[in-house]
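The values are calculated or read from the model by the stated rules, or taken from the named source; none is laboratory data. Computed from a predicted structure; not experimentally measured. With ideal geometry, Cβ positions are generated from the backbone for all residues, glycine too; neighbour counts draw on all protein chains shown. Only protein heavy atoms, including side chains, enter the accessible area calculation; ligands, DNA and RNA are left aside. Shrake-Rupley method; radii C 1.70, N 1.55, O 1.52, S 1.80 Å.
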Amino acid sequence: SVINQKQLLNDYLNENSNFNLYDYYVDDGYSGTDFERPAFKRLLDDMKEKKFNTIIVKDLSRLGRNYIEAGNYIEQIFPLFNIRFIAVNDNIDSYLNPKSISELNMPLKNLINDEYARDISKKVSSAFKTMRKQGLYTSGLAPYGYKKDPNDKHHLIIDEDASKIVRLIYSLYLKGYGIKKIANYLNERNIKNPSGYRNFYRKDTNKIGYFWSDSTISKILDDQRYCGDMVQGKKKTVSYKIHKEIKKDKEEWDIVLNTHDAIIDRDTWEKVQELRKKAYMKVNTKEKEKSFFAGKLKCANCGYAMHRQYRARNKDKIFFNCSTYVSRSKEKCKSHPISENILRKIV
């Protein structure tokens, strides 16, 4: 544990009085295979500013479990900044015993740490896969409209307040309301979106990020879990070292029917899916080339993305407008469109 590691390092400092403690850098809950950890990045920033000249860890695995990256830091980067590196339990000290860095012992230990991380990752993934096949809920947060059963964290029960909004969304959609119109309907009545609902008691619940958007409404209408089925395993990480998630084909999802109480009855959910398919086909009949500015434009007032749109009277004229104004709330931001052609000339 972090507490025990701190105690071991404090004992080492007490036994070696020539050290002055500058700071602790703790990444509790982060994988050692990833060096994009917040505390580790802070350590590197402080190192570059020469705030300390020694790094002490319990053992090599505490620096990281990626043997290539760990070796690179110990053998290349730390010496470049004149940093003394000490791994207490592995008897490594780059100043008192330089050979401890260059000998075969260190890369072997890093390799073993790496292999341990790979093995643990494989076992954990297998365990979660087994749980998902059994219909047990394995995610951290329950879907909007549900909450975790206090007697069984792997089982979902209905959240009476949030489920009313889910039913309202489905009802409005069946009445002919479009995605955008449903979002506006909820925003006009100051109904918090899923993020705002979860953080209801926080002071910042009026921020624009807590307003309903088209994508949030779409996700709720497409979520099979609302008819009582458990749907999990939609994404996977690239590897135990690369934690970027990629989408899986639907055939690979873990779906178990009738695992919890439904908020939306199955007939209603299937009717909505038929309407969603028709709407999706209509959207895809208009082949839209991805804009050069996709993902790059932000509203100068509210900070949210600018949406690409086509003018109704001139299909060839493309412009961008504030997504808050278009999709969330016309009170929280204003309409300030800009032509794509003008934007290209400016750039």
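Filter Lys6/Lys109; Lys123/Lys148; Lys153/Lys219; Lys250/Lys278; Lys271/Lys296; Lys48/Lys235 down to the pairs with a C-alpha to C-alpha distance above 28 Å, please. Over 28 Å apart, Cα to Cα: Lys271/Lys296; Lys48/Lys235. Averaged per residue, the chain has 63 square angstrom of accessible surface, using a 1.4 angstrom probe with ligands and nucleic acids left out. Angle of helix 2-15 to the longest C-alpha principal axis of the chain, folded into 0 to 90 degrees and rounded to 10: 30°.
Taking K and R as +1 and D and E as -1, what net charge do the other residues with C-beta under 9 Å from the C-beta of Gly135 add up to?
Neighbourhood net charge equals 0.
Please identify the GluC sites (Glu not before Pro) of the range 26-91 that satisfy two criteria: DSSP loop assignment and at most 11 other Cβ atoms within 10 Å. Which are they? Numbers along the way, then the final one.
On the way: sites: Glu36, Glu49, Glu69, Glu75; in loops: Glu36, Glu49.
Of the GluC sites (Glu not before Pro), the ones in loops of the range 26-91 whose Cβ has at most 11 other Cβ atoms within 10 Å are Glu36, Glu49.
Relative to the longest principal axis of the Cα atoms of the chain, helix 105-133 runs at roughly 30 degrees. Between the Cα long axis of helix 38-48 and the first principal axis of the chain there is an angle of about 50°, rounded to the nearest 10.
On the protein heavy atoms, probe 1.4 angstrom, tell me the percent of accessible surface of the range 120-189 carried by carbon and sulfur. Accessible surface attributable to carbon and sulfur in the range 120-189 totals 53 percent.
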